[in-house]
Structures are given as C-alpha cells and as structure tokens.
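The block underneath contains the structure these notes are about, expressed in structure tokens.
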Amino acid sequence: MTRIYNCSVASEFTAGMRLARSAIGRGALVVIPTDTVYGIAADAFSPEAVQKLLDVKGRDRQSPPPVLISGLPALDGLAAEIPQPARDLAAAFWPGGLTLILKAQPSLAWDLGETRGTVALRVPSNQVALDLLSETGPLAVSSANRTGMPSAIDAVGAEEMLGNSVSVYLDGGVAGLEYDAIGDRPGDTSSTIIDASRFDTNGGKLHIVRNGVISREEVEAVIGDALAALIEPTDAADAADAADATDATDATDATDATDATDAADAADAADSTDATDAAVTADAAASTDATDPADGSVAADSSARG
C-alpha cells in the first residue's frame with residue numbers, strides 16, 4: 001500500500017527518502033513537493049519511467065515533461081549553446097520558479113518525448129526536492145495530477161488523484177505559499193517558462209511562453225531588451241492572420257519551443273490547472289504543476305516542464 005511520508009518528522013523523512021531513491025532506481029514514480037506545486041518524478045534517463053509518468057498523467061509524447069536539477073553546475077551538462085541572458089536569469093532566479101527551455105546536449109542518452117532537441121530545466125526551491133535530486137540526479141517531473149484536473153498543492157491531494165500508480169509520496173507541506181499567484185490563471189503558482197532555445201534565430205531575444213510566479217518586470221530587470229516585446233491583443237490578432245498565410249512547416253517551427261515543455265505543466269513540476277511544463281522540459285517545463293514538481297514541471301510548477 002502506498003504511504004505518505006511526512007518529511008517534517010525525522011524518522012519519516014529518512015524512510016521516505018530511502019524508499020524514494022529506491023523507487024526512482026527501479027523506474028517507479030515518486031510524488032515530491034516543489035516550491036510551486038507537487039510533481040510526479042521519474043528517472044529522466046529511463047525512457048520506460050518517463051513513459052510511465054506520461055501514462056499516469058494521461059498525456060502523450062507530444063507533451064514531454066520538464067527536468068528538475070539540483071543546481072547550476074548541472075546546467076551545462078544537460079543544455080547546449082546557452083545564451084548569456086539565459087545564464088543571467090538562471091543565476092538570478094534559481095533555485096526558484098523559473099523554467100528555461102534550452103537546446104539539449106545532443107549526446108544525452110534519454111527520451112523525454114517529442115522535444116525536438118530541446119529541454120525545459122528548473123532548479124526548485126524546496127529542500128526535500130533538492131535533497132532527493134542530489135542523490136538521484138536529474139528527474140523528469142510533471143505536475144502531480146491527472147490531465148484536466150488541478151495540480152496538487154499538497155501530498156494528500158496528489159494521492160487522491162494518483163493513488164497506487166505512485167510508489168512513494170513525500171509530504172513537504174503546502175506548496176506555492178512563498179509566491180504571489182500571478183500566473184495566467186486565478187490562483188496560479190506555476191513557474192514562469194522562458195524559451196531561450198532559439199535565441200540565435202529570433203534576433204537575440206528570449207520569449208515568455210507561460211506567465212508564472214516570476215513576473216515579466218522581474219525578468220526585464222535582469223535581461224533588459226533581450227526579452228522579446230509583449231504582444232498586445234491587436235498585434236496578436238495580426239500575427240494570427242499572418243500565420244494563416246504560412247505553410248504547415250512554418251506552423252510546426254513556431255511550436256517547437258513549447259513542444260519541449262509540458263506546456264500544461266509545468267517545470268515545475270507544473271502549472272496550477274495543468275491546462276497548459278514547459279518541456280523543462282522542461283521541472284523536469286510541468287513536476288512544473290513538481291513540475292514546476294516543475295510544474296516542471298520540468299517535472300517545470302514543473303517543469304519541471306512545475
């Protein structure tokens with residue numbers, strides 16, 4: 001029978017972490033807290049485990065999970081051709097509610113789904129998640145919920161939706177309390193997802209592909225005009241009209257970056273309604289979303305596409 005381990009109790013934390021490490025090692029799923037939402041975590045380097053995560057979520061390979069990592073040193077091992085503005089954002093907001101979509105290192109032996117050569121990465125600001133990541137390495141993390149249901153913000157809510165499909169639940173308290181809910185939807189504490197994967201071909205600009213707990217103003221304060229201009233509603237309509245005139249290949253190209261994340265997650269393990277990761281990618285854009293779980297996502301709120 002699946003058990004929830006209260007990580008605020010030393011004995012349960014020790015037992016839960018040991019069982020979580022074991023579960024990840026054998027390709028099973030674990031629910032973990034992140035700073036945004038809770039996320040479902042799987043070994044990012046096990047295609048079977050990642051597929052199990054997608055199956056439990058009710059998603060297909062077109063919605064790859066974000067990847068959560070334990071710190072900045074892992075960034076260059078997983079991502080390639082990282083533009084300086086993306087590095088500046090990582091330095092400013094990691095650990096925290098930011099998921100970055102980047103080009104993946106081509107030598108990596110993993111299969112997160114149809115990422116088109118990108119990965120959504122996030123470092124969560126939650127000690128339980130960081131402790132597990134430090135022992136397991138990168139985790140694919142998507143928001144702890146089934147598709148169409150709100151992302152869980154506590155372990156009990158996650159268990160009610162996912163039940164015995166998850167081997168271990170780590171309870172780190174209510175997620176998302178340290179952030180203002182300023183995402184795209186009411187009450188949304190998912191990670192902000194920024195696409196840096198096409199920096200060279202997009203005129204040296206990074207694009208916000210999901211608004212989350214890191215505001216546009218905070219991002220601009222770090223990278224200035226390297227952030228693409230906000231498209232006003234009338235401009236968006238004009239852009240849509242122009243897109244209608246393009247061929248199918250152009251339309252596919254325009255979605256490549258968001259395909260790298262579970263746009264409904266998060267990095268964060270994920271997003272808070274799971275209607276949209278990142279990715280993380282990718283943590284890890286959804287859990288975002290742990291996740292951003294991580295989330296994303298992630299895993300982004302995840303995420304970890306949370």
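The table for this structure:
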item	result
Residue selected from the stretch 66-79 under the condition of a type in the set (A, V, I, L, M) and open to solvent by 20 Å² or more (accessible area, probe 1.4 Å), by the criterion nearest to D35 (Cα to Cα)	L72
Test: residue in the stretch 187-199 that is farther than 17 Å from W94 by Cβ, open to solvent by 10 Å² or more (accessible area, probe 1.4 Å) and assigned to a strand (DSSP E or B)	no
The lone exception for P73 - which of (1) modelled with pLDDT under 95; (2) in contact with an Asp or Glu (Cβ under 8 Å, 6 or more places away or on another chain) it fails	(2)
Qualifying position, being in contact with a Lys or Arg (Cβ under 9 Å, 6 or more places away or on another chain) and over 20 Å from R210 (Cα atoms), among S142, S134, S167, S107	S167
Only one of G27, G113, G97 that is crowded, with 20+ Cβ neighbours inside 10 Å and on the phi > 0 side of the Ramachandran plot	G113
Test result for S63, crowded, with 23+ Cβ neighbours inside 10 Å and either among the acidic types (D, E) or under 17 Å from A41 (Cα atoms) (or both)	yes
Residues of the stretch 83-100 classified as among the hydrophobic types (A, V, I, L, M, F, W, C) and in a loop (DSSP other than H, G, I, E, B), total	1
Search result, residues across the stretch 116-128 that are closer than 16 Å to P65 by Cα and either surrounded by fewer than 24 Cβ atoms within 10 Å (Cβ to Cβ) or not hydroxyl-bearing (S, T, Y) (or both)	R116, G117, V119, A120, L121, R122, V123, P124
Residue tally, condition open to solvent by less than 30 Å² (accessible area, probe 1.4 Å), in contact with a helix residue (DSSP H, G or I) (Cβ under 8 Å, 6 or more places away or on another chain) and under 16 Å from V128 (Cβ atoms), over the stretch 1-24	5
Candidate set from the stretch 139-159 (those that are open to solvent by 30 Å² or more (accessible area, probe 1.4 Å) and not acidic (D, E)); member that is nearest to Q84 (Cα to Cα)	I153
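The values are calculated or read from the model by the stated rules, or taken from the named source; none is laboratory data. Computed from a predicted model, the values in this text were never measured in an experiment. Here Cβ is always computed from backbone atoms with ideal geometry, including for glycine, and neighbour counts include all displayed protein chains. Surface areas here come from the heavy atoms of the whole protein model, side chains and all, with no ligands, DNA or RNA. Shrake-Rupley method; radii C 1.70, N 1.55, O 1.52, S 1.80 Å.
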